[in-house]
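J.: Submitted below is the structure of interest, expressed as structure tokens.
Read-outs throughout are calculated quantities, based only on the coordinates presented, and are distinct from any laboratory measurement. Given the structure is predicted, the values throughout are model-derived calculations rather than measurements. When we count neighbours, we look across all protein chains shown, and the Cβ atoms used for this are built from the backbone with ideal geometry, even at glycine.
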Amino acid sequence: MKKAVLVFLAFSLFAFASCQQKNDIEKERIAKAELYVNAWNTGDLSLFDEVLSPECVRHHVDMDMDFKGAEAIKQYAASVRVSFPDFKVSLDELIIAENHSIGRWTVTGTNTGPIGDSPPTGQKVKYSGIEVSRIVDEKVVESWIYFNQAAQLIQLGYTITPPK
């Protein structure tokens, strides 16, 4: 009987410690997600250093484009804020898994700056997407971004011409 009680207590302590550790990780991931959103919304590129691994790779699946390294991601974020100075991302949902975080987000902004070689359109955009991030040592090491770029371009006034 004593042995059974000791085993039960040991198991209970282990289960409690595991739950506590999971809660701490969830809280830290939520805080980092909020910091990440804040970096995009304010343009404070130094905030990315607290979230991204220096070797992080950001895959823009819809654009078939990768940004390799935190510095490249920061340069991309800075260019987005030139194209859309009022760029705002809202985190609609955050799912935390063992070594991944999945965020569903909505972006709004007005295109008052050039996008690459294209002049600004003055149009407002609103679109949603998903980011799946792989986490190592509580830093993002790789992320996959999914959003409908065609919808964004149509809102900017671009047209899609079917093939002839």
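J.: Apply the Karplus parameterisation 6.51 cos²θ - 1.76 cosθ + 1.60, with θ equal to phi minus 60°, to every residue of the stretch 75-80 and state each ³J(HN,Hα) to the nearest whole Hz, in sequence, with x for glycine and proline.
T.: Result, rounded to whole Hz: 5, 5, 4, 4, 5, 4.
J.: Just to confirm the filter: which GluC sites (Glu not before Pro) across the stretch 128-157 are DSSP coil and have at most 16 other Cβ within 10 angstrom of their Cβ?
T.: Filter output for the stretch 128-157: 138.
J.: Can you list the residues, at least 5 places off or on another chain, whose amide H is less than 5 Å from the amide H of residue 142, using H built in the peptide plane?
T.: For residue 142, whose amide H was placed from the backbone, the distant partners under 5 Å are 57, 134.
J.: Next question, about the same structure. Provide the per-residue ³J(HN,Hα) series for the stretch 134-147, in order, calculated from phi with Karplus coefficients 6.51, -1.76, 1.60 and θ = phi - 60°, each as a whole number of Hz, with x at glycine and proline positions.
T.: Ordered by residue, 3J(HN,Hα) equals 8, 10, 9, 6, 6, 10, 6, 9, 7, 9, 10, 10, 10, 7 Hz.
J.: Kindly express, to the nearest 10 degrees and within the range 0 to 90, the angle between helix 2-42's C-alpha long axis and the longest C-alpha principal axis of the chain.
T.: Between the helix axis and the principal axis of the chain, the angle is about 20 degrees.
J.: Quick one: how many lysine pairs in the chain have C-alpha atoms under 20 angstrom apart, if they're 8 or more apart or on different chains?
T.: Summing the qualifying lysine pairs gives 11.
J.: Of 95, 141, 109, whose Cα points farthest to the positive end of the dipole of the chain (charges on the beta-carbon: +1 Lys, Arg; -1 Asp, Glu; origin at the Cα centre)?
T.: 95
J.: Net charge around residue 126, counting only other residues with Cβ within less than 15 Å of its Cβ (Lys, Arg = +1; Asp, Glu = -1)?
T.: +1
J.: From largest to smallest, what semi-axes in whole angstrom does the stretch 8-164 give when each is the square root of 5 times an eigenvalue of its alpha carbon gyration tensor?
T.: Each semi-axis is the square root of five times an eigenvalue, giving 35, 16, 14 Å.
J.: Only four residue types carry charge here, +1 at the Cβ of Lys and Arg and -1 at the Cβ of Asp and Glu. Report the dipole size of the stretch 2-155 about the Cα centre in Debye, rounded to the nearest 20.
T.: The dipole of the stretch 2-155 has a size of about 480 debye.
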